[in-house]
Amino acid sequence: MKKEIPLLITFIAGMVMILQFFIPHRPFSDLQQLFNTWFLIITVFAMILGLGNLFKVHTKRLQRRPKGWWYSIVLLAGFAVMFTVGMVWGPARGTPFDYLFWNVHIPMSSMMFALLAFFVASASYRAFRARTPEATLLLVSAILVMIGRVPLGNYIWDKLPLIGDWIMSYPNMAGQRAIMIGIALGIVSTSLRIILGIERTYLSGK
Amino acid sequence: MSILERFEKVDRRIIFLLTLLAVVIPLLLPIGFKIKVSEPVQKFYEAVEALPPGSKVLVSSEYDPSTMPEVYPMNQALARHCFKKDIKIIGMGLWPQGIPLNQASMEQAAEEYGKEYGVDYVNLGYKAGGIVVISAAAENMPNTFPLDYAGRPIEEFEIMKGIRNFDNIDLIISLSAGDPGVRHWVMIAQGRYGKKVAGGVTAVSAPAFYPYLDAGQLQGLLGGMKGAAEYETILGASGTASRGMDAQSIAHGLIIFFILFANFFYLLGKRKKR
Amino acid sequence: MILMLMVGINVEAFDTPNESSKILSSSELPAPPTEVLVKDKPNDAGGSIIVTWGKSADDVEENELVKEYRVFRSGALDGEFELIGTANKGFEKFVDGTTIDGTQYYYMVKASDGVVHSQSAVSEAVSSSAQWFHTDRISMLVATAIICFLILWFIGKAKKGEELYIRPIAGLEAVDDAVGRATEMGKPIMYIPGIADMDDIQTIASVIILGRVARKAAQYETPLLVPCCRSIVMSAAQETVKEAYISAGRSDAYDADKIMYLTDDQFGYAAGVDGMMLREKPGAIFYMGCFYAESLILAETGHSTGAIQIAGTAMPSQLPFFITACDYTLIGEELFAASAYLSREPLLLGSLKGQDMGKAIIIAILIGGVIMVSLGFTKIIALLATG
Amino acid sequence: MIETLGIWIAALLTLCILSFLYKDNPFYKFAEHLFVGVSAAYWAVYYYFNILYPNLIQPLFGRGQLLLIIPLALGIMMIMRLFPKVGWVSRWPLAFIVGSYSGYNLITYLQSNAVDQVRATLVPFIQIESWKNLFTNPGVMTFLNAIAIPVVVVGVTTGVIYFFFSKEHKGVFGGFARTGVWFLMIAFGASFGYTVMARISLLIGRVYFLLHDWLGLIQ
């Protein structure tokens, strides 16, 4: 029973979602929206588990005091302040929550994202070497597209931006399309195995 | 360690420092490179330009402050373009943090062109659910968005009169930095409801949209800060994207230099070993 | 049914014949819209009727006689017509999404310059209804049926014990080595299941692969760290890893705290995982699932720690970064094949064979289709329309 | 005043994160832990106000939409994991999510990633216009445009062949698969090259913030 019911739920939910694509009639036409709302609600409940886990890991660190344990205080305090402020004043514009969001959350988030500029530089310095014919193709197409994207390319040869665009529009598009088609088949097959209960490790067990 | 090896295994912090300088210096001392317009941007411009005055464009903002440098200038330029052509904008968003940004760009452009909220533009705000919101709005806009972003009923606004579903929208533009975003607008609004969809995306995701552009599923595409700068150029207005383009070019040139430099020493080293 | 062809001209505000005739004499009156046709909107859940009309002869660029079309509706031919919506000049279609299924309606369209209007004939009676099958989606029904059939067919064959060849996939061959190397160095393994929730098949595939990796880690007695970005993923990962440890006979070594939740925030998660990598110094790092911009932030930091890195994703935009920064990368479909490959279960391998047959059909359609289209048989394109 | 304070906090936290590039250090560790804590709280609050309240609490208890008892029950089953004895019921909501999204994605991906893409590739192999152009005006671009469609058809076909799992990549078939790999490599290189700019834009955004909003060095 512990395993059969979940498998049955998976099967029914999956088949219903496939059918709704072909049936415009109610109730099928509303199911996608309905299920999505349900999913979001379950997500919020699950967050209690996630947050519980986060607290457990960090309060343990406070008890055991390994190296750098006090950073756990920073984490828990950050959570407590942001959470309290949000629940008391709400998340609207102009509230303390909004202030913390724009001046604490956003700067760190944007800078973390911007670190990519540096990582792109170091990754291209290290990895773009003409080691094999495949790597050379990667290198050449990257350089052509890159040069085509800056005014410099236009100064060197006015066809370079056009060639860059051509690579993007044709060979790149062909490669992307092949990957997309492969992914579609992979997803169809994986989904089908899940719906039919052939793949059930995520429900624990074989 | 030979010089060649040293170049091969250079401390990456030196690369980091050079990259930082390549951005900081041109921002402090601007140069002013010229900007050339590419085809996807031209198509995007034409998609908007082709609309008759009074048409209604749905502009959905699917980005957040972290991708602001790339997408926000597009949002600003698009709002100006529409208002200049007397095209009405219905704003909305599938990312909550995109709403104030979309609103700010519309307000700014409205001030420049003397447009009025509720008549020439409106912001329907955020709705959770991504793809589902698109389907729901396609079927029934007033039901999906009964209130605007500030909680006022949409019947109050003249612009929303006669708008029932996507049949009353002339063009859909999604400015997106990820999912849900342009991809889903194409899947649902274009795929299932046959609406014209154009997009503005971050440069990183742009290549993935070329197949859609080629298949005619997308009317036009702005890719990253460069796409925004090109769009600003067609419109003949210099904006924040154009301002960053110098730093962009120099830093970009530096990375190309890194790659060529690394390969030069790599190939030299390989020849020596033989 | 009889199509009513009486063309009336009137101005809304002036309903008596007298006043109307005054307006009639005015030269500013636009020509009326012609031929108002109505039909139930096909393939919907009901509640919609499509109204189309021929443009007014005055609906042209140069003059302002027609500014918009106003669409009116009534429940009876001689009943009162009420305004239900407008369409801009130049348009010939309006969808009325407010009908009640089964009720009969009549429509009429007026060309208007904002002050004076001229009206069309009244349409035929029409009613809306909901459909039970989406007729534009036949091609999708066929495609779904064929591909699912192929996969099931080969699963059936595999069940009967037929031997199936599967080509080597470098990234998956390396999984054992990576776990082994981490063990030798006495370092933990890190498994990063991406930042999407369980609604993404990539995440589900990732949790399945995690099960296989966890079993190896349990056998080698190497600690396995799984930082998660979503609570449901954390729950599913805990369940899966626990089960893997039990089936490897090492349930005592399972530690739920090693599969932890960090934050739902994309970059907050990246910051946390980056810090963890530098402090835990893992010997092997797996990135499997749905990644966005954080892919390179994680993979470059991981590279700087000297760990063996194996990635797999179906996000086309992130593949280049994993390819440059990781030792092995599973490209798109290979991610979904990983579970079958690592488990070697015949049923799963059979489905891979089914996928291949699906690809063979796609290639056949591609080549055959291009030849046909080149020769001028463009009908094939319409056959593949998906609605 | 409060505005200035906000800019200073933002600027210092930005620098804390930036310091990560040098090496792991106490400033980064501080920012990292603060970031995880604050962002977890942000999403918790956000989910409450944007999902739980408008989609469950208000419609269920305010308007009596009883159907919502189902997701409420599934949500409660989810947190039953906290109690080992009844923990197994959390598999029900998980099964529901995985099942419904498997069904949904099966169809959606088949449509937009496979059938639509195949259809878009069905273009006449030889574009007479572009070949005419090539002969009247020979050059790099006219040549590239003339071969564009054949390149796409060959690229998509061989690319798909690369993904064959059940056939050895040997002989002619192996040749096709290898050509497919080339196309994938070109695609990856191109995407990478195209992306570099975006990443620099983000850094420009941050540097602009530091130089303009914080230090006031540029106008």
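Which residue, of B:PRO96, B:PRO26, B:PRO69, is within 14 Å of chain D (Cβ to nearest Cβ), closer than 18 Å to B:TYR231 by Cα and not hydroxyl-bearing (Ser, Thr, Tyr)?
Only one candidate qualifies: B:PRO69.
Condition first: of a type in the set (Phe, Trp, Tyr) and at pLDDT 85 or above. Now tell me which residues in the range D:182-219 satisfy that.
Scanning the range D:182-219 gives D:TRP182, D:PHE183, D:PHE188, D:PHE192, D:TYR208, D:PHE209, D:TRP214.
From the list B:ARG152, B:ARG243, B:ARG164, B:ARG192, pick out the single residue that is over 22 Å from B:LEU58 (Cβ atoms), more than 15 Å from the chain's Cα centre (by Cα) and basic (Lys, Arg).
B:ARG243
Is it the case that some residue within the range C:144-166 is out of contact with any Gly (no Cβ under 8 Å at 6 or more places or on another chain), within 8 Å of another protein chain (Cβ to nearest Cβ), more than 30 Å from A:MET47 (Cα to Cα) and in a helix (DSSP H, G or I)?
Yes.
Filter the range C:260-294 down to residues that are within 26 Å of C:ASP177 (Cα to Cα) and without any contact (Cβ under 8 Å) to a residue 24 or more places away in the chain and give me whichever is surrounded by the most Cβ atoms within 10 Å (Cβ to Cβ).
C:GLY275
Go through the range C:227-241 and count every residue that is touching a Gly at 6+ places or on another chain (Cβ under 7 Å) and more than 7 Å from chain A (Cβ to nearest Cβ).
Total meeting the criteria: 1.
Residues are listed down the side, and each one gets a yes or a no for (1) surrounded by fewer than 20 Cβ atoms within 10 Å (Cβ to Cβ); (2) closer than 30 Å to D:GLY75 by Cβ; (3) away from chain A (no Cβ under 11 Å); (4) touching a residue at least 40 places away in the same chain (Cβ under 8 Å):
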| site | (1), (2), (3), (4) |
| --- | --- |
| D:GLN111 | no, no, no, no |
| D:PHE125 | yes, no, yes, no |
| D:ILE128 | yes, no, yes, no |
| D:TRP131 | yes, no, yes, no |
| D:PRO138 | yes, no, yes, no |
| D:ILE147 | yes, no, no, no |
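Given the conditions (1) more than 8 Å from every other protein chain (Cβ to nearest Cβ); (2) assigned to a loop (DSSP other than H, G, I, E, B); (3) over 24 Å from C:GLU92 (Cα atoms); (4) not aliphatic (A, V, I, L, M), and given that B:LYS195 satisfies all but one, which numbered condition is not satisfied?
(3)
Taking only the range B:81-139 into account, find how many residues are within 21 Å of D:TRP43 (Cβ to Cβ) and either out of contact with any Leu (no Cβ under 8 Å at 6 or more places or on another chain) or not assigned by TED's automatic domain parsing to the domain that holds B:ILE172 (or both).
Qualifying residue count, the range B:81-139: 10.
Failed condition for B:VAL59, given (1) closer than 22 Å to D:SER201 by Cα; (2) in the same structural domain as B:GLY162 (by TED's automatic domain parsing), with all others met?
(1)
Could you check, for the range C:295-305, whether at least one of its residues is assigned by TED's automatic domain parsing to the domain that holds C:GLU173, at pLDDT 95 or above and assigned to a strand (DSSP E or B)?
no
Only one residue in B:GLY130, B:GLY199 is modelled with pLDDT of 85 or more, over 20 Å from C:ASN43 (Cβ atoms) and not acidic (Asp, Glu), so which one is that?
B:GLY199
Consider only pairs whose beta carbons are under 9 Å apart and that are at least six residues apart or on different chains; among these, list those whose first residue lies in the range D:67-82 and is within 7 Å of chain A (Cβ to nearest Cβ) and whose second residue is of a type in the set (Asp, Glu).
D:ARG81/C:GLU239
Name every residue in the range A:103-137 that is at pLDDT below 90, more than 7 Å from every other protein chain (Cβ to nearest Cβ) and assigned to a helix (DSSP H, G or I), in order of residue number.
Listed by number, the list holds a single entry, A:ARG126.
Give the residue, chosen from B:LEU254, B:LEU222, B:LEU218, that is touching a residue at least 60 places away in the same chain (Cβ under 8 Å) and closer than 17 Å to A:MET168 by Cα.
So the residue among B:LEU254, B:LEU222, B:LEU218 that is touching a residue at least 60 places away in the same chain (Cβ under 8 Å) and closer than 17 Å to A:MET168 by Cα is B:LEU222.
Select from the range D:12-56 the residues that are modelled with pLDDT of 90 or more and of a type in the set (Val, Ile, Thr) and write down the one among them that is surrounded by the fewest Cβ atoms within 10 Å (Cβ to Cβ).
Looking at the filtered set, the residue picked out is D:VAL45.
Counting only residues that are touching a Lys or Arg at 6+ places or on another chain (Cβ under 9 Å) and among the hydroxyl-bearing types (Ser, Thr, Tyr), which one in the range C:242-288 is nearest to the other protein chains (Cβ to nearest Cβ)?
So the residue we want is C:TYR261.
Output yes when any residue across the range C:330-338 is outside any helix (DSSP H, G or I), in contact (Cβ under 8 Å) with a residue 40 or more places away in the chain and closer than 26 Å to D:ALA187 by Cα, and no when none is.
The answer is yes, given that some residue of the range C:330-338 is outside any helix (DSSP H, G or I), in contact (Cβ under 8 Å) with a residue 40 or more places away in the chain and closer than 26 Å to D:ALA187 by Cα.
Can you find a residue in the range C:50-57 that is within 16 Å of C:GLN119 (Cα to Cα), among the small types (Gly, Ala, Ser) and at pLDDT below 90?
yes
All but one of (1) over 30 Å from C:LYS160 (Cβ atoms); (2) part of a helix (DSSP H, G or I); (3) within 25 Å of the chain's Cα centre (by Cα) hold for C:ALA360; state the number of the condition that does not hold.
With (1) over 30 Å from C:LYS160 (Cβ atoms); (2) part of a helix (DSSP H, G or I); (3) within 25 Å of the chain's Cα centre (by Cα) applied to C:ALA360, the lone miss is (1).
The values are calculated or read from the model by the stated rules, or taken from the named source; none is laboratory data. On a predicted model such as this, the values are computed, not experimentally measured, just so you know. Every residue, glycine as well, gets a Cβ built from its backbone with ideal geometry; the counts of neighbours run over all protein chains shown.
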